[in-house]
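All remarks here apply to the structure that follows.
The values are calculated or read from the model by the stated rules, or taken from the named source; none is laboratory data. Keep in mind that what you see is a predicted model, and the values were worked out from it rather than measured. Cβ: placed from backbone, ideal geometry, glycine included. Neighbour counts: every protein chain shown. SASA here: full protein model, heavy atoms, side chains in, ligands and nucleic acids out. Shrake-Rupley method; radii C 1.70, N 1.55, O 1.52, S 1.80 Å.
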Amino acid sequence: MLTRLQKDLLLKLARDAVTAHLRGEPAAAAADGVLEELQSLRAGVFISLHRGEDLRGCIGNIEPQTPLPETVKAMAVAAACSDPRFEPVSADELEQLRLEISVITPLRALVSLEEFRLGVHGLMVRLGKRHGLLLPQVACGRQWDVYTFLRHVCRKANLPEDAWQNPKAELFYFDAEIFSDDLS
């Protein structure tokens with residue numbers, strides 16, 4: 001569990017990294033005791049950018065390879081500029097964007113659907129070279145049941161909606177600590 005101060009720092013790092021990137025400037029280094037604590041943490045991270053209720057970009061990394069602050073900065077820039085579903089974010093719209101960070105736990109094999117808790121767990125499906133992942137918050141407010149969530153994660157992987165039932169499909173679930181710089 002991250003403290004409120006750590007969450008606030010990660011949100012500031014994410015926003016500052018995107019701002020600097022859009023301005024063509026180097027990202028400012030944060031020298032803070034809380035940052036030092038975070039340097040030893042490694043976790044998967046997804047950054048979601050929202051403009052109002054609309055998703056504006058979402059990119060993440062399942063396997064932690066760098067310290068948490070570095071992963072957050074890299075994924076924030078990627079979400080703003082490299083999500084193939086959207087045009088890159090412009091500097092003019094940055095102030096209107098809400099940043100949401102999902103720090104995820106390592107993937108665990110889903111042996112039984114009884115293990116999965118909708119709205120609490122995220123899910124990844126992998127079949128052959130295709131894989132898709134949905135964060136836990138995707139189901140919230142959409143009136144989805146577990147089977148609808150499974151169909152959508154298969155769609156995200158560009159697989160048939162029932163691919164999760166294929167004996168060769170691998171299903172993984174994870175928890176996420178989710179926080180944002182809510183602009184309201």
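Selection of region 165-184 for residues being in a loop (DSSP other than H, G, I, E, B) and either under 12 Å from the mean Cα position of the chain (by Cα) or hydroxyl-bearing (S, T, Y) (or both) yields only S184.
Only one of the listed residues (G119, G128, G132) is of a type in the set (G, A, S) and open to solvent by less than 20 Å² (accessible area, probe 1.4 Å). That residue is G132.
Among the residues of this structure, L49 does not count as one that is part of a loop (DSSP other than H, G, I, E, B), under 24 Å from G122 (Cα atoms) and in contact with a helix residue (DSSP H, G or I) (Cβ under 6 Å, 6 or more places away or on another chain). Scanning region 135-156 for residues that are surrounded by 15 or more Cβ atoms within 10 Å (Cβ to Cβ) and among the polar types (S, T, N, Q) gives a single hit, Q137. Specify which of the listed residues (A43, A28, A17) is small (G, A, S), free of Cβ contacts under 8 Å to residues at least 60 places away in the same chain and out of contact with any His (no Cβ under 7 Å at 6 or more places or on another chain). Every option except A28 fails the conditions. Scanning region 100-128 for residues that are farther than 26 Å from L55 by Cα, in a loop (DSSP other than H, G, I, E, B) and without any contact (Cβ under 8 Å) to a residue 24 or more places away in the chain yields V111, S112. For region 71-97, filtered to residues that are outside any loop (DSSP other than H, G, I, E, B) and surrounded by fewer than 18 Cβ atoms within 10 Å (Cβ to Cβ), the residue that is nearest to the chain's Cα centre (by Cα) is C81.
In the list R108, R85, which residue meets the criterion of being modelled with pLDDT under 95 and farther than 22 Å from L10 by Cβ?
Answer to the check: R85.
Scanning region 157-184 for residues that are open to solvent by 80 Å² or more (accessible area, probe 1.4 Å) and modelled with pLDDT under 95 gives D182, L183, S184. For region 118-129, taking the residues that are closer than 14 Å to F172 by Cα and not β-branched (V, I, T), the one that is nearest to the chain's Cα centre (by Cα) is identified as G122.
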